[in-house]
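The values are calculated or read from the model by the stated rules, or taken from the named source; none is laboratory data. What you see is a predicted model; the values in this text were computed from it and never measured. So basically every Cβ, Gly included, is an ideal-geometry build from the backbone, and we count neighbours across all protein chains shown. The accessibility values were calculated without ligands, DNA or RNA, using every heavy atom of the protein model including side chains. Shrake-Rupley method; radii C 1.70, N 1.55, O 1.52, S 1.80 Å.
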Amino acid sequence: MKQICILLVTTFLLITNGYAQEVVQRKFQKMGSSFEITLVHENPIRAEKLIDESIAEIDRIERLISSWDQDSQTSLVNKMAGSRAQVVSKELFDLIKRANAIARLTDGAFDISYASVDKLWSFTGEEMQSPSAAVIKTSVAKIGFQKIVLDEEKQTVFLPEKGMKIGFGAIGKGYAADRVKAMLQQKGVKAGIVNASGDMSAWGTQPDGSPWQVGLVNPLNKNKVFSWFPLNDTAVVTSGDYERYLLMNGKRYGHIINPKTGYPSQGVVSCTVFAPKAELADALATALFVMGTETGINFIDQLPSVEALMINDSGNIITSKNIAVDEIN
Ligand code: AMP
Ligand code: MG
């Protein structure tokens, strides 16, 4: 569960140009998480239909990128690792290309090929024994986005070593949020929020013209929203380790893997990233976990149109330069 909530702070109904603009909202489960779609529309029946179409679009994306579905194109790429190149759709090919661009940007902190170590760890919240250093070393050697062979002309993906694997856990929900937003905008929806388990893509305004607001909650003090931010045609994504973590020798490790060491990350409990697209925000929020607070915030401060807020395991909140936090608990 991502520690973010949205609040529709003003009235749900407004009359504009003779049409009542209503806020229509639906919660549902997809991609193993809870989603919520909020639309501003003058026709509630049409709005419900648009939400049905959004759900169908999320299903389609899940079938493309899922590592659980043995028949997804992603699983086929993984099965062919070390043997041969797999033809994929342009959509998946382009997603991998963009993921690799973010991997370069983050110096490999975000890397879809992290997945060759994901079976070594189980993030059940319980104490576990570390896999042996030798096992980790062998698995880590398979990680490396630079090794992924992309053939633009044939539209193929090849993982050259047996045991290499890719996974979209850190970017898939953000991608889905962007795609659903784009689809709804294309169908004429003027305002809404797609919330994919805390990965939010917003556009337009509330019916009264005021911006959508996102409230951030400190995971170490969940009862209190410590800051509100307006969302103007932007995305906001939070990565957190409050549910998916493990303990080793009593120490807590989050579910995000450091691709350089193969070990789960430590020290950061939550990262929130604001960016024009949820896909980028999602990937960067994951990367910040690996980078840690100091390197992470310095990195964000170099990027245009991106802001971040990180919380470390002592409860300290560290923000990029253009974010002001109203009240720090
Ligand atoms: P998120 O909640 O967006 O931060 O995504 C976390 C998920 O991304 C994990 O559950 C893994 O599936 C995947 N993941 C873990 N570590 C990495 C990494 N370093 N780079 C890319 N994906 C990762
Ligand atoms: Mg992410």
Please enumerate the residues belonging to the range 178-196 that are open to solvent by less than 20 Å² (accessible area, probe 1.4 Å), small (Gly, Ala, Ser) and farther than 21 Å from residue 95 by Cα.
191, 192
The range 298-310: number of residues that are surrounded by fewer than 24 Cβ atoms within 10 Å (Cβ to Cβ) and not acidic (Asp, Glu):
7
What's the total number of residues in the range 48-81 that are more than 15 Å from residue 195 (Cβ to Cβ), in a helix (DSSP H, G or I) and free of Cβ contacts under 8 Å to residues at least 40 places away in the same chain?
12
Testing residue 157 on (1) within 15 Å of residue 86 (Cβ to Cβ); (2) assigned to a loop (DSSP other than H, G, I, E, B), one condition comes back false. Which one is that?
(2)
Restricting attention to the range 226-265, and to residues there that are in a loop (DSSP other than H, G, I, E, B) and surrounded by 19 or more Cβ atoms within 10 Å (Cβ to Cβ), which single residue is farthest from ligand 2 (Cβ to nearest atom)?
262
Scan the range 197-213 and tell me whether some residue there is open to solvent by 10 Å² or more (accessible area, probe 1.4 Å), touching a Ser or Thr at 6+ places or on another chain (Cβ under 7 Å) and among the acidic types (Asp, Glu).
yes
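Given the criterion within 26 Å of residue 100 (Cβ to Cβ) and within 19 Å of the chain's Cα centre (by Cα), identify the matching residue among 295, 261, 286. Break it down into steps so the answer makes sense when it comes.
Details: 295 fails: within 19 Å of the chain's Cα centre (by Cα); 261 fails: within 19 Å of the chain's Cα centre (by Cα).
Answer to the check: 286.
Determine, yes or no, whether residue 323 is open to solvent by less than 40 Å² (accessible area, probe 1.4 Å), in a loop (DSSP other than H, G, I, E, B) and farther than 11 Å from residue 270 by Cα.
On the way: open to solvent by less than 40 Å² (accessible area, probe 1.4 Å): yes; in a loop (DSSP other than H, G, I, E, B): yes; farther than 11 Å from residue 270 by Cα: yes.
When the stated conditions are applied, residue 323 passes them.
Every residue in the range 185-213 that is under 18 Å from residue 280 (Cα atoms) and assigned to a strand (DSSP E or B), please. Break it down stepwise before answering.
We begin by selecting, within the range 185-213, every residue under 18 Å from residue 280 (Cα atoms); these are 193-203.
The answer is 193, 194, 195, 196, 199, 200, 201, 202, 203.
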I'd like to know if the range 269-279 contains one or more residues that are open to solvent by 30 Å² or more (accessible area, probe 1.4 Å), in contact with a Lys or Arg (Cβ under 9 Å, 6 or more places away or on another chain) and modelled with pLDDT under 95.
no
Within the range 281-297, can one find any residue that is open to solvent by 20 Å² or more (accessible area, probe 1.4 Å), closer than 21 Å to residue 229 by Cβ and in a loop (DSSP other than H, G, I, E, B)?
no
Among (1) within 16 Å of ligand 1 (Cβ to nearest atom); (2) on the phi < 0 side of the Ramachandran plot, which single condition is residue 267 missing?
(2)
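Just to check your reading of the model, which residue among 59, 111, 52, 94 is at pLDDT 95 or above and within 16 Å of ligand 2 (Cβ to nearest atom)?
Values: 59 fails: within 16 Å of ligand 2 (Cβ to nearest atom); 52 fails: within 16 Å of ligand 2 (Cβ to nearest atom); 94 fails: within 16 Å of ligand 2 (Cβ to nearest atom).
Result of the check over 59, 111, 52, 94: 111.
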Given (1) of a type in the set (A, V, I, L, M); (2) surrounded by 19 or more Cβ atoms within 10 Å (Cβ to Cβ); (3) farther than 28 Å from residue 288 by Cα, index of the condition residue 76 fails
(2)
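In the range 185-244, how many are of a type in the set (Phe, Trp, Tyr) and touching a helix residue (DSSP H, G or I) at 6+ places or on another chain (Cβ under 9 Å)?
Initially, the range 185-244 is screened for residues of a type in the set (Phe, Trp, Tyr), giving 203, 212, 226, 228-229, 242.
Imposing the further condition that a residue be touching a helix residue (DSSP H, G or I) at 6+ places or on another chain (Cβ under 9 Å) reduces the set to 203.
The total comes to 1.
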Filtered residues of the range 44-73 (kept if under 12 Å from residue 176 (Cβ atoms) and of a type in the set (Asp, Glu))
57, 59, 62
Can you tell which of 88, 40, 24 is under 21 Å from residue 161 (Cα atoms) and either modelled with pLDDT of 95 or more or touching a helix residue (DSSP H, G or I) at 6+ places or on another chain (Cβ under 6 Å) (or both)?
88
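Kindly check whether there is at least one residue in the range 154-161 that is among the basic types (Lys, Arg), within 16 Å of ligand 2 (Cβ to nearest atom) and either closer than 22 Å to residue 54 by Cβ or modelled with pLDDT of 95 or more (or both).
In the first step, residues of the range 154-161 are kept if they are among the basic types (Lys, Arg); the result is 154.
Pick out the ones that are also within 16 Å of ligand 2 (Cβ to nearest atom) and you get none.
Taking every residue of the range 154-161 in turn, none turns out to be among the basic types (Lys, Arg), within 16 Å of ligand 2 (Cβ to nearest atom) and either closer than 22 Å to residue 54 by Cβ or modelled with pLDDT of 95 or more (or both).
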Scanning the range 82-137 residue by residue, those of a type outside the set (S, T, N, Q), open to solvent by 70 Å² or more (accessible area, probe 1.4 Å) and assigned to a loop (DSSP other than H, G, I, E, B) turn out to be 84, 107, 126
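Going by the conditions given, is residue 254 among the small types (Gly, Ala, Ser) and either within 22 Å of residue 306 (Cβ to Cβ) or within 17 Å of the chain's Cα centre (by Cα) (or both)? Give the steps one after another, and end with the answer.
Details: among the small types (Gly, Ala, Ser): yes; either within 22 Å of residue 306 (Cβ to Cβ) or within 17 Å of the chain's Cα centre (by Cα) (or both): yes.
So residue 254 passes the test.
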